[in-house]
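The values are calculated or read from the model by the stated rules, or taken from the named source; none is laboratory data. Computed from a predicted structure; not experimentally measured. No Cβ is skipped: glycine too gets one built from the backbone with ideal geometry, and neighbour counts run over all protein chains shown.
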Amino acid sequence: MAHMRRMAAFAALAASSALVLAACTGTDDPTTGPSGGNTGGEKEPVTITWWHNAVAGDSGENTLGDFWQKVADDFTADNPHVTIQIEQIQNEDLQRTRIPTALQSGDAPDMFQQWGGGEMAAQAEAGYLMDVSDILADDIARLGGSVGPWQADGKTYGLPFQFAVEGIWYRKSLFEKAGITSEPTTFDELNAAVQKLKDAGITPIAVGASDKWPAAHWWYNFALQACSQDVIKNLGSFDFSDPCFIKAGEDLQKFIDTKPFQNDYMSTVAQTGATSSAGLVANGNAAMELMGQWNFFVYQGFTDGSDEGIAALLDDLDWFPVPGVGGGQGDPTAALGGGDGFSCYVDAPVECAEFLAYIVSDEVQSEFAEVVGGMPVAPGAASSVAHPINQEIAAAASSAAYVQLWLDTDLGPNVGGALNDGIVTIFAGTGGPQAVVDAVVAAAATE
Amino acid sequence: MTALEASGSGEGPVAAAKAAGAGPKPLSPYSSHRRDTARKWIEILVFVGPAVALFLTFVIYPVASAARFSLYKWNGIKQFSEAEFIGFENYARALWGGNDPATKDAFMSSYTEPFWTAVGHNMLIVVLSMAIQLPLALLVALTLNRKFPMRNGVRLIIFAPYVLSEVIAGIMWLIIFDPNGIATQLSEATGFPKPAGGWFEDTTWGIWTVFFIVTWKYLGLAIILFLAGLSGVPQELQEAASIDGASWWQVQRRINIPLIGPTIRIWAFLSIIGSIQLFDMVWVLNRGGTVGQYSTIATFMMQVGYFRKDVGFGSAVAVIMFALSFVVAIAYMLLILRKDNSDNKVEA
C-alpha cells in the first residue's frame, strides 16, 4: 500500500535527470563476495529470472530500469555461466497480482521485488523464499539494522537496496513569510508554527487522506511516540491491548482539532495533479507535508522539468524529522521508514543469492546513489548521497533511536489495511481512537 | 437444442446418401441412423464445444472456485491446499458478525456493518433508479418522441454518456468535483451549498453525488430504449385518440406508456441487476469512498478480499452478491416479466 509513489518518483527523476549510465568502472569481481569460492570456468550455465518494478515513466525514460540492466550485464560479464532475464512490471501489478500468482503456481521468478514486513513473513511461512541468513551472513552484518524488515523469525529472506525514513517536507519561503525562524523540534513548536502559518493565510500542512496511507502515517508517528519500543517491535504478534494505541489516536484527534490540514483533505490524493498534497506543496500552496524520501522526486515532477525549475524548487525545499510529542513511552527520536529489496525464490540457483550480494555491494550501492539518486543501504555508499536534503534524511536515520518499518507494511495487507481504514475514520470524523484499535483487533482475529 | 436437432436431422439424408454412394456395401437403416446420431453429436461438439469450453473455463470454474474459497480461511499467499476449512464462518462474519461471541462485537463493527452499509447503498440506488431515473427518462423520451429539427443530434447527445467508457467518465467527474474544480467554483459563484465533507467524501451527501453521476451515465440508455419502444406504437392509435378529444397527456398516459410497458419492465430489470452489481464507476471515484461513504457490495468485496488479502471472506461476499442478483433476477422474471412473456406466446 505504501509503495505506489515510487514509480512516480523515478518517473520524475527520469524526466528530470540527464545523467548517463556510463560512470561505472566495474573492475571488482563480484564473485569474490560473501558466497566465496567461485572458481569459474566449469560452472553449469544457469538463468536467473528477475522481476522488478522499475518501469518507464511518461517520458519513456527509465533511469532505474536502465541501471538494473547495467548491474545485470556487469554481473553476467564476470560470471559468464549466468544469464539474467529481466521483466519490468508496474508496481501495483507486481505486488498484488503477479508475484502472488507466480508463487502460488510454483513457477516463480528466481529474484523478485520484496517490500519486507508482514507480507514477506507470510511468503516465508508458506515456504516460498530462500533463507539467505547463512550464505549472505557477511552482507547482512555489513548492512546492519536496515535488513530488519527483510527478516522473519530470526532468518533473512531478502536484502534491501534502498531504505529511508520519513519526515516533514516544508517550503522555506512560506516559513519565512509566516515568521517561523527555526525547524520545529517538539510538537508544541509544530503547533505554534501551524498557528503562525494560519495567521499568515497559508495552508499549514497538506495531507492526501483520500489515499488513506498518507493520513495513516500521522497516526503511525503518534503511536511510535506513545508506545514503547517493545510494544512496537511486538506488533507482529497482533497485540494491540496496550493503552498507548488509544493515546496515539487521541493525540491525532487533538492535532486534527487544531485544523492544521488543507480544506477538503478527505478528497485530496497524495500525488496526482496540482490539487494533490504533493502538488500543493510543490506549487507553494501549502507549507508542509509528512512524507517519505520519494517526495524528493515527486515534487520535482510538478516543475516544468527544466534544470532551473528543479533547482529553484529544491532551493526552497527543506526537511525535518517528525517532532517528538512527549508524554509517551516512546523515544522521541524513533523514526518510521521503509524501503525496497529483493528476495530469491526458494528453488532459485545459488547464483541468485550471489547476485543479491552484488546488488548490495558498496560499489553498486554507491552507483545507485549517484546515478539513480536512491538512498543506499550499504554504509560504505553513504558518502555517495549527493543532495543536502537526502544527506539530512540519511543522517536522521542513523541518529534515530531506532527505525520502525511502516506499520501497514509491517502488519501485512490484512491487519495493516484494517489499521489504515480505521485511522481514516478519525480524519473523516466518523470514528475515533477506539475504532482504530477495534479495526485491527477484528482483522487480527481473522488471521 | 431444437434448432440444432432440426439442422442435424435436415443434413441426415444428405449424409446418408453420400455414405451410401461412397461405400461398397449399402448400409442398413439402423447403422445409418446411428451414424446420423454420431454426426449430429460431432456437429454439436464442433460448433458448441469451443464456446462451452470457454464458458466453463472462464465463467463456471471461477464461480465454483469462489464458492469453494468462501468456505476457507485463506490469505491468498500460502497454497490453497494449506488453507483452513471453516465452513460458513465467512458468510456468518459478513451477515451477522460470526458465531464466536468473543469476536462478535469486533466483527460487527469492522465487517458486518460495512457490509450492510454497502448493501444499503446498492438498495438505495435500486430504489432511486426506479423513483427518479424512470420518470425522468420517460418524460424525456415522451418529449423527444416527435419530429423536430436536429432530432438525431439531440438523441446522440443524450446517448453519449452511455457510450463513454466508465473510467473516462469517472475521471472526468473526479476533475469536475475536485476540491478546487468546476463544481466547487460553481457552488461558490451561485451560493449553492457544497457538502461540508467534500462532494464525494461527505458522509451524508457523497452517495447522492455518486447517484447523480450514475444517473447521468445510464439515463441515456433508458431514454433510447423507451424511444425505440415508442416508435413501435402505431400512429393510428394516437391519431384516433386525438380525434376523440384526448389531450397530449391523456394520449401518453392511456396509450403510449401502457404500450411500451414491456420495454420499461425490461429496462427496470437491467437497472436493478446493474445497481446490485455496480462497481466500475464507483471504484474509479476513489474506491467507494475513503471510509465507505458510497461503497457498494462489489467495492467492499475488492477492499477486503483483494487489497487486504482476506480472500475467503471476499469470496463469500462475492457469492452473496451473486446469490442476491440471482434471486432478484428469478423473482423479477416470475413476478413481473412472466406477463410479458405469456403475452408474447398468446400473440404468436
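Values as computed for the structure displayed
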item	result
Meets criteria (of a type outside the set (F, W, Y), assigned by TED's automatic domain parsing to the domain that holds B:A169 and under 30 Å from A:A209 (Cβ atoms)) for B:T263	no
Helices (runs of 4 or more DSSP H) enclosed by segment A:274-337 - at least 3 residues per element that are within 14 Å of chain B (Cβ to nearest Cβ) and buried (at least 16 other Cβ atoms within 10 Å of the Cβ)	A:277-282
Enumerated helices (runs of 4 or more DSSP H) restricted to segment B:254-348, each holding at least 3 residues that are over 21 Å from the mean Cα position of the chain (by Cα) and away from chain A (no Cβ under 14 Å)	B:338-347
Counted residues, segment B:166-214 - those being more than 12 Å from chain A (Cβ to nearest Cβ), under 27 Å from B:A137 (Cβ atoms), surrounded by fewer than 17 Cβ atoms within 10 Å (Cβ to Cβ) and not polar (S, T, N, Q)	10
Which numbered condition B:I224 misses (of (1) part of a helix (DSSP H, G or I); (2) more than 30 Å from B:L124 (Cα to Cα))	(2)
Failed item, numbered, when B:F80 is tested on (1) surrounded by fewer than 18 Cβ atoms within 10 Å (Cβ to Cβ); (2) within 14 Å of chain A (Cβ to nearest Cβ); (3) within 24 Å of the chain's Cα centre (by Cα); (4) of a type in the set (F, W, Y)	(3)
Per-region count, segment A:114-146, residues on the phi < 0 side of the Ramachandran plot and either free of Cβ contacts under 8 Å to residues at least 24 places away in the same chain or within 14 Å of chain B (Cβ to nearest Cβ) (or both)	17
Some residue of segment A:4-20 being aromatic (F, W, Y), assigned by TED's automatic domain parsing to the domain that holds A:L129 and modelled with pLDDT under 85	yes
Complete set of residues in segment A:351-380 that are of a type in the set (D, E) and surrounded by fewer than 22 Cβ atoms within 10 Å (Cβ to Cβ)	A:D362, A:E363, A:E370
All positions within segment A:152-188 that are on the phi < 0 side of the Ramachandran plot, surrounded by fewer than 16 Cβ atoms within 10 Å (Cβ to Cβ) and among the small types (G, A, S)	A:S173, A:S182
Residues of segment A:244-272 classified as within 14 Å of another protein chain (Cβ to nearest Cβ) and closer than 22 Å to B:P195 by Cα, total	12
Evaluation of B:G98 against (1) part of a helix (DSSP H, G or I); (2) within 14 Å of chain A (Cβ to nearest Cβ) (one fails), failing number	(1)
Qualifying positions in segment B:67-95 - at pLDDT below 95, of a type in the set (G, A, S) and in a helix (DSSP H, G or I)	B:S81
For B:I273: the one exception among (1) closer than 30 Å to A:Q104 by Cβ; (2) of a type in the set (A, V, I, L, M, F, W, C); (3) free of Cβ contacts under 8 Å to residues at least 60 places away in the same chain	(1)
Residues being within 23 Å of the chain's Cα centre (by Cα), more than 14 Å from every other protein chain (Cβ to nearest Cβ) and closer than 28 Å to B:G289 by Cβ - total across segment A:169-216	2
Condition broken by B:N145, with the remaining ones in (1) in the same structural domain as B:G220 (by TED's automatic domain parsing); (2) under 24 Å from B:G274 (Cβ atoms) satisfied	(2)
Test: residue in segment A:356-372 that is within 14 Å of another protein chain (Cβ to nearest Cβ), at pLDDT 90 or above, within 17 Å of the chain's Cα centre (by Cα) and in a helix (DSSP H, G or I)	no
Test result for A:A348, in a helix (DSSP H, G or I) and surrounded by 22 or more Cβ atoms within 10 Å (Cβ to Cβ)	no
Residue within segment A:388-399 that is crowded, with 23+ Cβ neighbours inside 10 Å, in contact (Cβ under 8 Å) with a residue 40 or more places away in the chain, in contact with an Asp or Glu (Cβ under 8 Å, 6 or more places away or on another chain) and away from chain B (no Cβ under 14 Å) present	no
Complete set of residues in segment A:272-285 that are within 12 Å of A:V298 (Cα to Cα), touching a helix residue (DSSP H, G or I) at 6+ places or on another chain (Cβ under 7 Å) and at pLDDT 90 or above	A:S277, A:A278, A:V281, A:A282
Those residues of segment A:415-442 which are within 19 Å of A:S241 (Cβ to Cβ) and at the interface with chain B (Cβ under 7 Å from one of its Cβ atoms), in sequence order	A:A418, A:D438, A:A439, A:V441, A:A442
A:V415 modelled with pLDDT of 95 or more, on the phi < 0 side of the Ramachandran plot and buried (at least 21 other Cβ atoms within 10 Å of the Cβ)	yes
Any hit, segment A:187-204, residues being part of a strand (DSSP E or B) and in contact with a Lys or Arg (Cβ under 7 Å, 6 or more places away or on another chain)	yes
